[in-house]
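The values are calculated or read from the model by the stated rules, or taken from the named source; none is laboratory data. Just so we're clear, the structure is a prediction, and the values are computed from it rather than from any experiment. Here the Cβ is made from the backbone with ideal geometry for all residues, glycine too, and neighbour counts use every protein chain on show. Remember, those area values only see protein heavy atoms, side chains included, never the ligands or the DNA or RNA. Shrake-Rupley method; radii C 1.70, N 1.55, O 1.52, S 1.80 Å.
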Amino acid sequence: MAQDYDTPRDKDEDEESLQELGKSGQDTGADLDDDENAIAEDYELPGADLSNEDSSVTVIPMQGDEFICSNCFLVKHRSQLAYTTPDGKPVCKECAA
């Protein structure tokens, strides 16, 4: 269907359509939030109850060729050392970049 875009518009129709769009946008936003909350409440991870489980992790002490970066506090290999600050704190290459 052809439409003449040069004809004057009726302002009442435009205002009504804008109000309808605003109302429909608000309604759908509330529905989405309710749906997400309902899904989250009903969703349970399989095997999520780990209250009776003991976790065992082997901690390896820092080796002689490793250092702790004074910026990111990660243990790095000596090959990752960029520089040492004047007060003796090591900085890794990633933090120096």
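Matching residues to (1) part of a helix (DSSP H, G or I); (2) at pLDDT below 70; (3) over 30 Å from Ala97 (Cβ atoms):
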residue: Leu18; (1), (2), (3): yes, no, yes
residue: Ala40; (1), (2), (3): yes, yes, yes
residue: Ile60; (1), (2), (3): no, no, no
residue: Gln63; (1), (2), (3): no, no, no
residue: Ser70; (1), (2), (3): no, no, no
residue: Phe73; (1), (2), (3): no, no, no
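Residues of the stretch 21-29 include none that is at pLDDT 90 or above and open to solvent by 90 Å² or more (accessible area, probe 1.4 Å).
Condition check for Ser55 on (1) at pLDDT 90 or above; (2) loosely packed, with under 10 Cβ neighbours inside 10 Å; (3) not in a helix (DSSP H, G or I): one failure, at (1). Restricting the first member to the stretch 59-82 and to residues that are hydrophobic (A, V, I, L, M, F, W, C), and the second to residues that are assigned to a loop (DSSP other than H, G, I, E, B) and loosely packed, with under 14 Cβ neighbours inside 10 Å, the beta-carbon pairs closer than 6 Å and six or more apart or on different chains are Val75/Met62.
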